[in-house]
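Enquirer: Take this structure first; my questions come after.
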Amino acid sequence: MMAANRQLKICLVGVAGNGKSTLGNILLGLEPDDDGGFETSSGARSCTLGVQWKDGNFRGRAGQPIRVIDTPGHGDGEGRDKELRRNMVEELKKQETIDAFIWVKNAQDPRYTKTEAEYFQILIEIFGGAYFHNFVVVFSRWSFSEKEEQKRNKLKKPVTFEGVKAELWDSFLRDYKGNRSLVQVPMMAIDALYDSSDKSEVDAFENELRLLWHTMNQFSAKPVSNIEMALTKIEKLKKQVEEDQDKVKKMKSRLRQMEQQKQRELELQEAEYQRRIKEAESKIKEEKERMEGPPWVKFISFLATPLAMLLGRRLAIGK
Ligand SMILES: Nc1nc2c(ncn2[C@@H]2O[C@H](COP(=O)(O)OP(=O)(O)OP(=O)(O)O)[C@@H](O)[C@H]2O)c(=O)[nH]1
Ligand SMILES: [Mg+2]
């Protein structure tokens, strides 16, 4: 059958340290920390730093070709998250299509944290709401051993796998009930480090992996060649602040230019007025001179009064 031979591209997503790389190795039929598989971390530090993929067969079984695409976890700090995400988007574009996104979640800490909700939101933004149809949640570290089941049942508030799934679904509902693409997200639990001598654990491991394979084969491949980077709320706000700061800077420099221009105009105007004042003053001088006649007339008129007085006095004496 053609469909059986189609390579299923599976992308592992989720916050740092929840078990993506470990599950990737299980899917490929390798040991959880196989040397030939994805590198896994022992501490809390994030270990997968870039997108990596490996081709193989589901659980190593011939005729079930898969490509497992491992991504770095989110939640190690804003600056690095953004760069890792940018790189993730660029790398995933190269895949052209992806069949399934497995959201890996540590069942021992079933709270849906703000970091997870933020990352989930970002994935929806990057891949579009329709990608709800390609999501599966796989809980890691959920032991199905009878001993563990009993322990959980004895708690004041008993913890069941059904309860853990319902709680996560409620969180999705809270965040996306307005989103028309929201569909029931399939959830299963795969303990990569299950106890192979415990029948309940072995059975659960086999059952859940079978269910996962079946579920992923129901999905239709989604194109990813035109996906785009998305930002967190904080990153968006920071970007807006940066853009606004840039605008203020540009306005300030424009204002300085305008002031300089105005200053130059005023200086030119002042120079023009000074020139006109000088011109008028010299015209006044010319006009005065014109009215008073040439210098010799001035000289005579200067002498005229005393001469007339003198003449007048003489005439009076002579009488
Ligand atoms: N017991 C148990 N341990 C697990 C399981 N899955 C992962 N671990 C452990 O959790 C730790 C982190 O696992 P990784 O697979 O490196 O986690 P990751 O999500 O790839 O981490 P980053 O690449 O840093 O984001 C390792 O020590 C694993 O052995 C599980 O199902 N059961
Ligand atoms: Mg990893």
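Enquirer: Take region 85-109 and flag every residue that is among the aliphatic types (A, V, I, L, M) and either without any contact (Cβ under 8 Å) to a residue 60 or more places away in the chain or within 16 Å of ligand 2 (Cβ to nearest atom) (or both).
Expert: M88, L92, I102, V104, listed by residue number.
Enquirer: Of the residues E259, E235, which single one is at pLDDT below 95, acidic (D, E) and surrounded by 10 or more Cβ atoms within 10 Å (Cβ to Cβ)?
Expert: Among E259, E235, only E235 is at pLDDT below 95, acidic (D, E) and surrounded by 10 or more Cβ atoms within 10 Å (Cβ to Cβ).
Enquirer: Moving on. Are there any pairs, at least 6 apart or on different chains, whose C-beta atoms fall under 8 Å, with the first in region 12-39 and outside the structural domain of V137 (by TED's automatic domain parsing) and more than 8 Å from ligand 1 (Cβ to nearest atom) and the second open to solvent by 50 Å² or more (accessible area, probe 1.4 Å) and hydrophobic (A, V, I, L, M, F, W, C), and if so, which?
Expert: Matching pairs, first to second residue: none at all.
Enquirer: I'm told R180 meets every condition in (1) closer than 30 Å to N106 by Cα; (2) part of a helix (DSSP H, G or I) except one. Can you identify the failing condition by its number?
Expert: (2)
Enquirer: Please specify each residue of region 53-84 satisfying the condition of being within 27 Å of L231 (Cβ to Cβ) and within 15 Å of ligand 2 (Cβ to nearest atom).
Expert: Residues satisfying the conditions are W53, I69, D70, T71, P72, G73, H74, G75, D76, R80, D81, L84.
Enquirer: Further question on the same structure: Just to be sure I understand, how many residues within region 208-230 are assigned to a helix (DSSP H, G or I) and either surrounded by 14 or more Cβ atoms within 10 Å (Cβ to Cβ) or in contact with a Pro (Cβ under 6 Å, 6 or more places away or on another chain) (or both)?
Expert: 8
Enquirer: Here are some conditions: (1) assigned to a helix (DSSP H, G or I); (2) open to solvent by less than 100 Å² (accessible area, probe 1.4 Å). K288 meets all but one. Which one does it not meet?
Expert: Of everything listed in (1) assigned to a helix (DSSP H, G or I); (2) open to solvent by less than 100 Å² (accessible area, probe 1.4 Å), K288 misses just condition (2).
Enquirer: More than 11 Å from ligand 1 (Cβ to nearest atom) and assigned by TED's automatic domain parsing to the domain that holds Y194: is that true of K105 in this structure?
Expert: Considered against the rule, which asks whether it is more than 11 Å from ligand 1 (Cβ to nearest atom) and assigned by TED's automatic domain parsing to the domain that holds Y194, K105 comes out as no.
The values are calculated or read from the model by the stated rules, or taken from the named source; none is laboratory data. Just so you know, these numbers come straight off a predicted model, no measurement behind them. A quick note on method: Cβ atoms are made from the backbone with ideal geometry, for glycine too, and the neighbour counts reach across all protein chains shown. Remember, those area values only see protein heavy atoms, side chains included, never the ligands or the DNA or RNA. Shrake-Rupley method; radii C 1.70, N 1.55, O 1.52, S 1.80 Å.
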